[in-house]
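Asks: First the structure, which I've put down as structure tokens, then a few questions once you've had a look.
The values are calculated or read from the model by the stated rules, or taken from the named source; none is laboratory data. The shown structure was predicted, so the numbers you read here are calculated from the model rather than taken from an experiment. Because the Cβ atoms are built from the backbone with ideal geometry, glycine has one as well, and the counts that use them run over all protein chains shown. The area values use the complete protein model at the heavy-atom level, side chains included, leaving out ligands, DNA and RNA. Shrake-Rupley method; radii C 1.70, N 1.55, O 1.52, S 1.80 Å.
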Amino acid sequence: MSLAPQELENSASKYAAEAIRLDSQGSRGMAIQSYQRAIEALVKLVQIYPDYKLNKVYMERANAYQNRIKALQMSHGLEDDRPAPIESKAEPVNGNGKGSAPASHKSANVETLKADFDDLVMKDKPKVSWDEVIGLDDAKRAIRESIVYPMKRPDLFPLGWPRGILLYGPPGCGKTLLAAAAAAEIDGYFINVDAASMMSKWLGEAEKNISKLFTMARKLNESEGVPVLLFIDEIDSLLGQRNSEVGGEVRVKNQFLTEMDGINGKSKESQLYVIGATNKPWSLEAGFLRRFQKRIYVTLPDGASRTNLFNQYTRPLNTEGSLKIEELAKIADGYSASDIKDICQSVQLRVVNELFESGKAMEANANPRPVSTTDFREILKVRKPSVSVDMIRAYMRWSDQFKAL
Ligand code: ADP
């Protein structure tokens with residue numbers, strides 16, 4: 001089975017992000033390997049899909065990585081062991097595949113900017129309701145207070161309201177889901193950007209693209225008069241390695257801070273919001289944090305939430321009437337919401353698998369048996385929580401110091 005272009009592109013992006021991280025840490029050999037893998041994925045992509053619209057951009061990107069490999073190999077022979085700075089000739093990868101140079105702030109019109117970020121702006125609003133987001137009452141309240149209510153009745157906020165919200169906490173607990181629920185409620189645009197892939201895709205160009213991204217968000221808000229919600233996942237990747245100029249992370253960070261200041265200093269009419277999400281809040285420095293007036297811990301689910309999660313994710317399944325949800329919620333202490341969803345999925349896979357193994361799956365009206373509490377117990381035994389106790393302690397320590405509700 002061949003991979004879809006999206007999957008190959010994701011894998012190229014992943015290797016490129018890894019390469020840039022290693023590169024900025026000075027791990028030359030490993031960085032070269034990762035650049036090489038990114039190139040291989042891109043070349044494969046072009047070979048499998050010769051007519052794909054982004055091929056030109058992919059090849060340019062592969063060339064940029066190749067140049068970087070050469071620079072690293074050359075610097076290896078020099079006495080000064082530091083890697084040469086990234087000198088990418090690659091154009092930014094844009095959704096329209098044109099790879100055009102960023103337009104200046106003043107001349108950029110909204111349509112061009114929109115086309116450039118076409119794959120990032122969601123035209124169909126996410127269909128996530130607040131009820132589907134289990135638990136996280138503080139986070140829901142803070143988002144409603146800072147985004148939803150000011151948007152509906154700006155006149156009730158004479159002192160203004162926060163425009164930047166940082167969601168932090170372990171992976172799989174609902175940061176993205178919360179942003180989607182907020183977007184579903186606003187009548188405007190939702191721009192969803194993954195900072196890690198932005199840094200890798202736009203090797204050496206990230207800073208210009210940040211400026212372009214904010215310009216587009218501002219213009220959408222001003223020209224169409226509708227709220228714009230910019231969701232930036234893995235926002236810590238914008239910071240990269242401190243004090244390192246490799247990849248231009250310092251410039252990227254400064255650009256981002258400037259843009260955030262622009263938003264925070266805006267008049268009451270401005271309806272541009274930024275929700276940043278991170279699993280590594282400790283890598284954000286004070287200047288960065290200050291720009292997010294609300295900092296909300298998106299925690300592991302507590303007992304009641306785990307019960308609700310099991311209820312929510314077993315609802316579409318054929319279960320034995322006597323499923324002991326409370327007991328399962330107790331056993332699943334320490335598991336993330338996403339772990340619980342995966343467990344429910346694994347249990348269903350197990351009974352479907354049994355049906356196929358029995359050879360009866362293709363018979364008329366053949367159905368898997370109902371899932372039982374024992375199935376869940378057994379899956380829970382072999383599937384450990386994705387977040388360690390030490391990690392949770394680290395989140396709590398950080399939260400005690402920096403949370404801002
Ligand atoms: P994060 O952004 O914190 O890493 P996500 O919001 O992407 O986590 O969660 C991944 C998936 O796990 C979601 O799409 C959803 O199916 C499930 N999930 C996570 N948190 C919750 C929650 N609080 N309530 C219901 N489902 C959740």
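Asks: Among the residues of segment 314-330, which ones are open to solvent by 100 Å² or more (accessible area, probe 1.4 Å) and either not assigned by TED's automatic domain parsing to the domain that holds Val351 or not in a loop (DSSP other than H, G, I, E, B) (or both)?
Replies: Restricting attention to segment 314-330, the residues satisfying the condition of being open to solvent by 100 Å² or more (accessible area, probe 1.4 Å) are 315-316, 324, 326, 330.
Glu326, Lys330, listed by residue number.
Asks: Is segment 182-195 home to any residue that is modelled with pLDDT under 85, of a type in the set (Asp, Glu) and touching a strand residue (DSSP E or B) at 6+ places or on another chain (Cβ under 7 Å)?
Replies: yes
Asks: If you don't mind, another one. Any residue at all in segment 119-130 that's modelled with pLDDT of 90 or more, more than 21 Å from the chain's Cα centre (by Cα), within 16 Å of the ligand (Cβ to nearest atom) and open to solvent by 20 Å² or more (accessible area, probe 1.4 Å)?
Replies: The answer is no, given that none of the residues of segment 119-130 is modelled with pLDDT of 90 or more, more than 21 Å from the chain's Cα centre (by Cα), within 16 Å of the ligand (Cβ to nearest atom) and open to solvent by 20 Å² or more (accessible area, probe 1.4 Å).
Asks: Suppose we keep only residues that are surrounded by 24 or more Cβ atoms within 10 Å (Cβ to Cβ) and assigned to a helix (DSSP H, G or I) within segment 168-179. Which one would you say is nearest to the ligand (Cβ to nearest atom)?
Replies: Selected residue: Lys175.
Asks: Could you tell me how many of the residues in segment 142-167 are under 19 Å from Asp400 (Cα atoms) and either free of Cβ contacts under 8 Å to residues at least 60 places away in the same chain or within 9 Å of the ligand (Cβ to nearest atom) (or both)? So that I can check it myself, show each step before the final result.
Replies: Of the residues in segment 142-167, the ones under 19 Å from Asp400 (Cα atoms) are 142, 165-167.
Checking which are either free of Cβ contacts under 8 Å to residues at least 60 places away in the same chain or within 9 Å of the ligand (Cβ to nearest atom) (or both) leaves us with 167.
Total satisfying the criteria: 1.
Asks: In this structure, does Asn264 turn out to be within 12 Å of the ligand (Cβ to nearest atom) and more than 22 Å from the chain's Cα centre (by Cα)?
Replies: Details: within 12 Å of the ligand (Cβ to nearest atom): no; more than 22 Å from the chain's Cα centre (by Cα): yes.
Answer is no for this residue.
Asks: If you don't mind, another one. Could you check how many residues of segment 280-295 are in a helix (DSSP H, G or I) and open to solvent by less than 60 Å² (accessible area, probe 1.4 Å)? Full working, then the answer.
Replies: Quick first cut of segment 280-295, residues in a helix (DSSP H, G or I) only: 281-283, 286-290.
With open to solvent by less than 60 Å² (accessible area, probe 1.4 Å) added as a condition, the list becomes 281, 283, 287-289.
Total satisfying the criteria: 5.
Asks: Taking the conditions exactly as written (among the aromatic types (Phe, Trp, Tyr), touching a residue at least 12 places away in the same chain (Cβ under 8 Å), outside any helix (DSSP H, G or I) and closer than 25 Å to Tyr168 by Cα), does Tyr335 satisfy them or not?
Replies: Values: among the aromatic types (Phe, Trp, Tyr): yes; touching a residue at least 12 places away in the same chain (Cβ under 8 Å): yes; outside any helix (DSSP H, G or I): yes; closer than 25 Å to Tyr168 by Cα: yes.
Yes: the conditions hold for Tyr335.
Asks: Of everything in segment 379-404 that's in contact (Cβ under 8 Å) with a residue 24 or more places away in the chain and charged (D, E, K, R), which residue is farthest from Val352 (Cα to Cα)?
Replies: Checked segment 379-404; the qualifying residue farthest from Val352 (Cα to Cα) is Lys403.
Asks: Okay, moving on. Against the definition (open to solvent by less than 30 Å² (accessible area, probe 1.4 Å), within 27 Å of the chain's Cα centre (by Cα) and of a type in the set (Val, Ile, Thr)), how does Val298 come out, yes or no? If you could, list the steps in order and put the result at the bottom.
Replies: Working: open to solvent by less than 30 Å² (accessible area, probe 1.4 Å): yes; within 27 Å of the chain's Cα centre (by Cα): yes; of a type in the set (Val, Ile, Thr): yes.
Here the answer is yes, as Val298 does meet what is asked.
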